[in-house]
Each structure stands twice: as C-alpha cells, then as structure tokens.
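The structure under discussion appears below in the form of structure tokens.
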Amino acid sequence: MGAIFGYYFLLIGRTNRLTLTTTYREAWESTKGEEGSFFVSLVNATKPFLANLAYSMILADTFQSLFQVFFKWESCTRTVALLVVTVVALLPLCLLKNLKVLAPTSIIGTIGFCMCAIVMVIRYFDGTYSMENNGRFIKDLPDHLKPSFIVEVEGNTNDSGSYILWPRLLFFLCMLNEAFVAHYNAPRFYTELKNNTIQRFTIVVATSFGLTSIIYFIVTSFGFLTFGTNADGYILNNYSVHDPLANFVRVSIAIALICTYPVTFVGARDGVLDMFSVPIEKQTSTNLDMLSVILLTLATILALIFHDLGMISAVGGGTLGTIVVFIFPTLMFRGAFLDMLSAEKYEVKFSLILMYFGIIIGIIGVWIALISY
C-alpha cells in the first residue's frame, strides 16, 4: 500500500511539472478544465481537516493520560485535556503566519514515531502485557483494552488460531488510506523542493513512504500481536498509564503531533480559501485569524463528540482518501497526455487499474465500517 500511495504522490508532482502548475487545483484546471474544480478544492480542504480531527482525538487521549500521570490530575477528563492543549498550544501555532520556525521539529516527529515502534517491540517480547504470564501492567487495564485473541464467528468463538480476516482486512485498508494520505500537499512539496527535478522528487517520495511503511508495519504487527482483537484505534490507549516507556512515547507523540498540527491545518485553511476563490488582497491577517479560529473550534468540537479514531480513519480514508489519492491524480495524469506515446498509454492504463482497485477497496471498507459501528 505504501508503494501505491507513494506512486500516486509522485504522479501528482509529475503532473505539476508537465502542466507547469504549482497547486492541485491549477493542475486539475490545466488538464480537465474548470468543471469540477470547486469539488477538487472541497475535497482537498476536507481531507486535511479530517487529519486535524484525528490529531485532536489523539491529543485528547494522550494528554488525559499525561495529566493524570505527571500532574497527578486524576479527575482530568478527555474534554478538559483537549481544551487545555488546544488553547495553550494548538491555537497559537495555528495563528502563526510563518511555519518555517517549525521545520526543525519534523525530525522530532520522526524520532517519536520510531520510538513508538521500538517500545511496542520491547513490550511484546518482555511479556509485561501477556495474559498468560500475568504481565505486571495487565492489572492497570480495563477489560476492553486487555489482550484478547478470541473472536466471534456467526455466534461462535474461536481461540487465537482463528481470526476474521477479510472484513477486518478491508476495514484496515481504509485506515491505511488515511494513514498514508498527504497528497493534497504534493504540489507544495514538489514546488518547494530545492532543485526540484523529478529524479530528486522520486528519491524524497520513495524514502518518505518507505520509512513510513516500515514504521506502520511494525506498529500494526506488534500492536495486534500484543493485544489481539482488543487493540484500540489509538494503540497507546492499550498501554498502562504507569508504564514508563509508554509514557515516554506518549510525550514524544504529543510533541510531534502538536508541531505537525499547524502544517496540516494550513492545508485545510488554504483549501477553504481556494474553494471560495478568496483573492489575495482579502487574505488579511485578521481574516486569516478568524478563519483559523473557526476551523480549530470546529475540529475541537467534533473531536469531543467522536471517540472512535479507527472509524474516522476508515470512513475518511475510504471516501475522501480514495478520491484525492486515486481518482483525481489519475484523471489529471491522463488529461496531461492528449497525444500519448505508447509508453505513456501503458502508464495511464496502469494508473487506471490502480484507481479502480482503490475505489473498490474504499467502497467495501466504508460499508463494513458503517455496518460495524
């Protein structure tokens, strides 16, 4: 999946280069005309907004645990934790006009996610969350977060040797749609890349998606191996608040998400401005601040209402993720070649096949997610 998503990310950059455009909407209008451009902007505004919604949900769970552990604030609720981090940290960052000051923090995010994977591997092998060995952190977990390898199949139960593969696999693939999506920012990444040749862009994309795939594979595998069918949508919820390694990871992830939040947020805000074709002269500091407050408030309210991160990821990834990753890039790439050579025709056909694959997986996964909710 990482290779497929990386290919489409690269495809968007190649389309920008072919059409001499710098934004997603410009690439669409250059290859497909103005018809449908509003919908393109709508999707590209909603998709990063859903990412911010997911971030807010994660931060709510993370800081509730951190406040309870480090500040002994046992009565801290998820709502209070999110409101505190939103007002104190997210709001000032989302009001920044120059995000270059956050550039060095990208390495913090990478280290944080790598540490998460390492800690999960350590905790699997040391048995501290093993039901069979009565691991020392098991007593800290509620029943619905304790390891379980028993699943129901049409009213019957099977032990650890049997799992329901296909429905949950398709649901998982839709979650991957959400996990790998950053394609609304592909034009920005390509145009802002130093010496932005397609060769250099290919190296950047391959490295980024390759490393991300490895981290996701480790986290997903060891999360399931440790907690089975009780693995939470936000896997750190399964780890005890008294686990020092887990708390270290929670702090790392929290810092990474706070620093990443405004980058994604700008994508949503720019998408709204692009959607309504707001002229540059009206994009004043005051107007941008007002729009930022409105969007952040909406994301915070929704994060307080919804708790199932897996559901948000699956539905958002299966719908908007499919559109922005598979459908738009394929149609733009095909539209860029009006007089195609044989090699170009083969690649267009290849991208169309992958597009249909993505659409089918997205539809099935969303359907399963909705009937399972």
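The values are calculated or read from the model by the stated rules, or taken from the named source; none is laboratory data. Please read all numbers here as calculations on a predicted model, not as lab measurements. Don't worry about glycine lacking a Cβ; one is built from the backbone with ideal geometry, like all the others, and counts go over all protein chains shown.
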Review point. Taking into account only those residues within region 43-57 that are more than 18 Å from Tyr24 (Cα to Cα) and more than 11 Å from the chain's Cα centre (by Cα), which is surrounded by the fewest Cβ atoms within 10 Å (Cβ to Cβ)?
Key: Ser56
Practice item. Search region 319-338 for residues that are farther than 19 Å from Ala179 by Cβ and pair each with any residue that is assigned to a helix (DSSP H, G or I) and of a type in the set (Phe, Trp, Tyr) when their beta-carbon atoms are under 6 Å apart and the residues are at least 6 apart or on different chains. Key: Met332/Trp28
Revision key, fill the gap. Among the residues of region 234-271, the number that are of a type in the set (Asp, Glu) and modelled with pLDDT of 85 or more is 1
Point to revise | Search result, residues across region 181-210 that are in contact (Cβ under 8 Å) with a residue 12 or more places away in the chain and of a type in the set (A, V, I, L, M) | key: Val181, Ala182, Ala186, Ile198, Val204, Val205, Ala206
Study note, to complete from the structure: For helices (runs of 4 or more DSSP H) lying entirely in region 207-326, having 3 or more residues that are among the hydroxyl-bearing types (Ser, Thr, Tyr) picks out 244-275, 285-305
Point to revise | Residue list for region 1-42, restricted to those being within 25 Å of Leu257 (Cβ to Cβ) and surrounded by fewer than 19 Cβ atoms within 10 Å (Cβ to Cβ) | key: Met1
Practice item. Could you please find all residues in region 298-315 being crowded, with 19+ Cβ neighbours inside 10 Å, at pLDDT below 90 and more than 20 Å from Leu236 (Cβ to Cβ)? Key: Val315
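Considering only residues of region 131-152 that are in a helix (DSSP H, G or I) and under 27 Å from the mean Cα position of the chain (by Cα), which is surrounded by the most Cβ atoms within 10 Å (Cβ to Cβ)?
By that ranking, first place goes to Leu145.
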Check your understanding: Considering only residues of region 327-373 that are charged (D, E, K, R) and in a helix (DSSP H, G or I), which is modelled with the lowest pLDDT?
Key -> Glu344
Review point. Is it fair to say Ala81 is touching a residue at least 24 places away in the same chain (Cβ under 8 Å) and of a type in the set (A, V, I, L, M, F, W, C)?
Key: no
Check your understanding: Would you call Cys114 within 30 Å of Ile361 (Cα to Cα) and at pLDDT 70 or above?
Key -> yes
Review point. Does Phe227 satisfy the criteria of being closer than 20 Å to Asp126 by Cα, aromatic (Phe, Trp, Tyr), in contact (Cβ under 8 Å) with a residue 12 or more places away in the chain and surrounded by 16 or more Cβ atoms within 10 Å (Cβ to Cβ)?
Key: yes
Review point. Can you find a residue in region 272-288 that is among the acidic types (Asp, Glu), over 18 Å from the mean Cα position of the chain (by Cα) and at pLDDT 90 or above?
Key: no
Exercise for review: Tell me which residues, restricted to region 1-21, are in a helix (DSSP H, G or I) and among the polar types (S, T, N, Q).
Suggested key: Thr15, Asn16, Thr19
Practice item. Could you tell me which residue of region 274-297 is surrounded by the most Cβ atoms within 10 Å (Cβ to Cβ), considering only residues that are farther than 28 Å from Ala27 by Cβ and in contact (Cβ under 8 Å) with a residue 12 or more places away in the chain? Key: Leu296
Point to revise | Of all residues in region 58-78 being of a type in the set (Gly, Ala, Ser) and in contact (Cβ under 8 Å) with a residue 60 or more places away in the chain, the one that is surrounded by the fewest Cβ atoms within 10 Å (Cβ to Cβ) | key: Ser65
